[in-house]
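These notes concern the structure reproduced below.
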Amino acid sequence: MEKYMIGMDVGGTNIQCGLVDSQGRVVSRVRWKTEAHLGVSGVIERIAGAVKDLMEQSGTDPNQLSGIGAGVPGFIDVDRGVVMSASNLKWKDVPLAERLENLTGLPVRIHHDVRMYVYGEALQGAGRSFRHVLGVTLGTGLAAAYIDEGKILCGSRNGAGELGHIPMDGEESLCSCGMKGCLETVASARGLVRQVKEAVRSGRSSRLSELALQEPDRLTADCISAAYDEGDELAAEIYRHTGKLLGKGLAYAVTLYSPDVIIIGGGVAAAGERLLGPARDSLRKSALPRYWENLTLATAQLGDDAGLIGSAAYARARLAQA
């Protein structure tokens, strides 16, 4: 009988839950709103509710399930299954694995959400043909993970991969982490929008001026891409600057990890060559040829399924070792 895993991606906005077969394929999925305002117990109950919903919709019997894997934002103690801190959920020292096991009756293993996303891409997506995979997600912020020959690099206290918090020369914007000039203050959806708003307020003309001044909450990274395609010089300038800094940040990571492939994912990756072209040029200027001459720069392939596949595979491997 086929034994399935449940893979989950728990975010501040959505809980995504997928039934994953032994070949790493998502065969059924559901999405629930997180409703973070309900607090720790309320959110964990919703996670358990999503699991039950998935089982009912897919017609899966509990005996067909091996366990649950969940990717969660923040700092995670993977051995104890504890979310030490997750700012967007307002969690601190939450024993998520234990509490979810009690609600579902299934063994649970948790890990950092971006690592699970990149792990999924390494196994089944854009990194499946490579041994050394660096993944970078560009969304509201910027995060990274490194998969070396199938092993997830975590570092001391599970703190590896915070590429977004490398300070960049010449940048002074305050980051959510409390430091100034972090890479993610530029290379992220928030960073792109911030640059447009500041430029327009300083007097720069743009197709985005009216939106930035009169309806700033509606200004998004997609708006900036559309303006770029319409020949807007400010949008092009911001993508060039953002790509240049992203390339420099990637050069630091490439020199440290020497990956075969860099996978770029997240919502901002939809900008494609608008951003990746300048990033590629900057990377080549900032790193020794031995690092980039055989390096592939690719966009993620699996979308939201990456985190489901990665977390399910991680939990399956951990439970097999138990």
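Other residues whose C-beta falls under 9 angstrom from the C-beta of M5 contribute a net charge of +1, scoring Lys and Arg +1 and Asp and Glu -1.
The H on the amide N of H132, modeled in the peptide plane, is under 5 Å from the matching H of E149, D260, V261, each at least 5 residues off or on a different chain. Charges were assigned to the Cβ only: +1 to each Lys and Arg, -1 to each Asp and Glu. The resulting dipole of the range 47-95 about its Cα centre is roughly 200 debye.
If Lys and Arg each add +1 and Asp and Glu each add -1, what is the summed charge of the other residues whose beta carbon sits under 15 Å from the beta carbon of Q57?
So the surrounding residues net to 0.
Placing unit charges on the Cβ atoms only, positive for Lys and Arg and negative for Asp and Glu, gives the range 1-101 a dipole magnitude near 280 debye about its Cα centre.
Element breakdown for the chain at a 1.4 angstrom probe: carbon and sulfur atoms account for 47% of the accessible area.
Please work out the FRET efficiency for the pair D77 and A320, using the Cβ-Cβ distance as r and a Förster radius of 22 Å; give the result to the nearest 0.05.
With a Förster radius of 22 Å, E is 0.60.
Rounded to the nearest 10 degrees, the angle from helix 233-257 to the longest Cα principal axis of the chain is 50 degrees. Within straight-line reach of K248, meaning a Cα separation under 19 Å, sit the following aspartates and glutamates at least 8 residues removed in sequence or on another chain: E162, D169, E171, E172, E184, E237, D260, E273, D281, E293.
Less than 5 angstrom separates the built amide H of S85 from those of F75, D93, all sequence-distant by 5 or more or on a different chain. For the range 207-300, rounded, prolate or oblate, judged on the Cα gyration tensor with a ≥ b ≥ c (square roots of eigenvalues), a/c < 1.5 rounded, else prolate if a/b > b/c? Prolate is the answer for the range 207-300, as a/c is 1.5 or above and a/b outweighs b/c. Spacing of the modelled spin labels on R31 and D260, each 7 Å from Cα toward Cβ, amounts to 3.2 nm.
A dipole drawn for the chain from +1 and -1 charges on Cβ atoms has a positive end, and of Q195, G59, H165 the residue lying farthest that way is H165. When Cα Rg over 2.2 N^0.38 Å is calculated directly from the model, which label among (1) 1.36; (2) 1.02; (3) 0.93 fits? Computed from these coordinates, Cα Rg over 2.2 N^0.38 Å corresponds to label (2). Oblate is the label for the range 269-319, because the ratio a/c of its alpha-carbon gyration tensor axes (a ≥ b ≥ c) is 1.5 or higher and a/b is not greater than b/c. The heavy atoms of V78 present about 20 square angstrom of accessible area, all protein chains included, probe 1.4 Å. Summary of the geometry: the range 227-292 and the range 20-78, compared by the centres of their Cα atoms, lie 34 Å apart. The slack in the chain from R194 to Q64, taken as 0.36 nm per residue of separation less the alpha-carbon distance, amounts to 42.0 nm. Computed 3J(HN,Hα) for the range 46-63, one whole-Hz value per residue from the Karplus formula 6.51 cos²θ - 1.76 cosθ + 1.60 where θ = phi - 60°, is 5, 4, 5, x, 5, 4, 4, 4, 4, 5, 5, 5, 8, x, 8, 7, x, 5, glycine and proline marked x. Over the range 1-154, Cα pairs under 8 Å with separation of 6+ residues give a relative contact order of 18 percent.
For the chain, what is the mean residue ellipticity at 222 nm derived from helices alone (per DSSP H run of n ≥ 4: -39500 (n - 2.57); sum divided by total residues; nearest 500 deg cm²/dmol)? Before the final figure, lay out the partial values.
Values: 10 runs with 129 residues, N = 322.
Helices in the chain give a 222 nm mean residue ellipticity of -12500 deg cm²/dmol.
Annotation: extensible slack from D281 through C177 equals 34.6 nm (criterion: 0.36 nm per residue apart, minus Cα-Cα distance). Note that the range 112-119 has calculated 3J(HN,Hα) couplings of 5, 4, 5, 4, 5, 4, 5, 4 Hz, one per residue in order, obtained from phi through the Karplus relation 6.51 cos²θ - 1.76 cosθ + 1.60 (θ = phi - 60°); glycine and proline are x. Positive end of the dipole of the range 236-322, charges at C-beta (+1 Lys, Arg; -1 Asp, Glu), about the Cα centre: which of A298, I238, Y314 has its Cα farthest in that direction? Positive-end residue among those listed: I238. Potential lengthening of the chain between R128 and Q214 amounts to 26.4 nm, from the contour at 0.36 nm per residue minus the alpha-carbon distance.
In the range 94-145, taking the dipole from charged Cβ atoms about the Cα centre, the farthest positive-side position among T137, T104, L123 is held by L123. Applied to the range 183-199, the Karplus parametrisation 6.51 cos²θ - 1.76 cosθ + 1.60 on θ = phi - 60° returns per-residue 3J(HN,Hα) values of 3, 6, 6, 10, 8, 5, 4, 4, x, 4, 5, 4, 4, 5, 4, 5, 5 Hz, with x for Gly and Pro. Database remark: amide H of N14 closer than 5 angstrom to the amide H of T34 (H placed geometrically; neighbours at sequence offset of 5 or more, or on other chains; Pro and chain starts carry no H).
Contact order, relative form, for the range 1-49: 29 percent (alpha carbon pairs under 8 Å, 6 or more residues apart, mean separation divided by residue count).
The value of relative contact order for the range 186-317, using C-alpha pairs under 8 Å at least six residues apart, is 24 percent. Dipole magnitude for the chain: about 480 debye, using +1 per Lys or Arg Cβ and -1 per Asp or Glu Cβ, origin at the Cα centre.
The values are calculated or read from the model by the stated rules, or taken from the named source; none is laboratory data. Small disclaimer: the values here were computed from a predicted structure and weren't measured. Heads up, the Cβs are rebuilt from the backbone with ideal geometry, glycines too, and the neighbour counts pull from every protein chain shown. SASA here: full protein model, heavy atoms, side chains in, ligands and nucleic acids out. Shrake-Rupley method; radii C 1.70, N 1.55, O 1.52, S 1.80 Å.
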